[in-house]
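Reading through the structure tokens given below for one structure.
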Amino acid sequence: LYLRYKKALPDIEFKYYGALCPDGSLGTLEEVYKSILGSSFVWHVKPFGDGFGWTWHNAFMLGRPVITNFSDYEGKLGGQLFEDGVTGIDLERRSLDENVALIKRILSDKEKHMKMCKSAYDRFREVVDYDRELIDIKAFLERLI
């Protein structure tokens, strides 16, 4: 799927990071964040994942919309962050040609792209509250002791 879209969008630079990936691994969190912030979208298609999505959450936290197959996250924790056309693009909703046209249209309209970036960031802030989770985890652990 990645290679089909990369071929269909030759004017767009695609990077593919991770173990045994063509662009290698990013060794530090700083490198990961710099890469995400330097991108327009984060491509995240991960069937059989856990449904949380470390990369997925970082993309939203840093205000980058995702390009994904939403079925990988639907009904799972990470799915709360996604809305097609608002915080990202669900490749399963349209054909390859329609998605290519949509991606091009968004990237050619800076205002639309920035709106998606802001929506991704805002959704993260609505859904994720790590400070609250820390309090809940501490309370849980105190009850165990």
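Would you mind classifying the range 37-122 by shape? Square roots of the alpha carbon gyration tensor eigenvalues, ordered a ≥ b ≥ c; an a/c under 1.5 is rounded, otherwise it is prolate if a/b is larger than b/c and oblate if not.
Details: a/c = 1.98, a/b = 1.24, b/c = 1.59.
Oblate shape, in that a/c is at least 1.5 and b/c is the bigger or equal ratio.
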Item to check | Karplus 3J(HN,Hα) series, Hz, for the range 18-25 with 6.51 cos²θ - 1.76 cosθ + 1.60 (x for Gly, Pro) | outcome: x, 4, 6, 8, x, 9, x, 10
Checklist outcome for this item: Under the 7 Å Cα-to-Cβ spin-label approximation, LEU77 and SER40 lie apart by a distance in nanometres of 3.2
Item to check | Under Karplus coefficients 6.51, -1.76 and 1.60, residue-wise ³J(HN,Hα) of the range 58-73 in Hz, glycine/proline x | outcome: 5, 4, 5, 4, 8, x, 10, x, 10, 10, 8, 9, 4, 4, 5, 10
Checklist entry - Shape of the chain from its Cα gyration tensor (a ≥ b ≥ c, root eigenvalues): rounded if a/c is under 1.5, otherwise prolate when a/b > b/c, or oblate? => result prolate
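Sum up the charges of everything whose Cβ sits under 15 Å from the Cβ of ASN58, counting Lys and Arg as +1 and Asp and Glu as -1, but leave ASN58 out. Please list the in-between numbers first.
On the way: positive: LYS15, LYS34, LYS46, ARG64, ARG123, ARG125; negative: GLU30, GLU31, ASP50.
After counting each charged neighbour, the total is +3.
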Checklist entry - Roughly how much of LYS138 is accessible, in Å² to the nearest 10, using a 1.4 Å probe? => result 110
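At a 1.4 Å probe, what is the % contribution of carbon and sulfur to the accessible area of the chain?
Numbers: 5160 of 9430 Å².
Roughly 55 percent of what the probe reaches on the chain is carbon or sulfur.
With the contact rule set at Cα under 8 Å and sequence spacing of 6 or more, what percent relative contact order holds for the chain?
Details: 154 pairs, mean separation 28.9, N = 145.
Result for the chain is 20 percent.
Counting other C-beta atoms within 10 Å, and keeping those with at most 10, which DSSP coil chymotrypsin sites (Phe, Trp or Tyr not before Pro) do you find in the range 25-61?
Values: sites: TYR33, PHE41, TRP43, PHE48, PHE52, TRP54, TRP56, PHE60; in loops: PHE41, PHE48, PHE52.
Passing sites in the range 25-61 are PHE48.
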Next on the checklist: Taking amide H atoms as placed 1.01 Å from N in the peptide plane, list the residues 5 or more away in sequence, or in a different chain, whose amide H sits under 5 Å from that of VAL66.
Outcome noted: VAL42, GLY88, ILE89
Checklist outcome for this item: Scalar couplings 3J(HN,Hα) for the range 120-129 by Karplus 6.51 cos²θ - 1.76 cosθ + 1.60 (θ = phi - 60°), nearest whole Hz, x for Gly and Pro, are 4, 4, 4, 5, 4, 5, 5, 8, 9, 9
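Using a 1.4 Å probe, what is the accessible area per residue for the chain, in Å²?
Numbers: 9430 Å² over 145 residues.
Averaged over the residues of the chain, the accessible area is 65 Å².
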Checklist entry - Largest first, how would ASP131, ASP136 line up by accessible area (1.4 Å probe)? => result ASP131, ASP136
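The values are calculated or read from the model by the stated rules, or taken from the named source; none is laboratory data. Values in this document were obtained by computation on a predicted structure and should not be read as measured data. Because the Cβ atoms are built from the backbone with ideal geometry, glycine has one as well, and the counts that use them run over all protein chains shown. These accessible areas exclude ligands, DNA and RNA; they are computed on the full protein's heavy atoms, side chains included. Shrake-Rupley method; radii C 1.70, N 1.55, O 1.52, S 1.80 Å.
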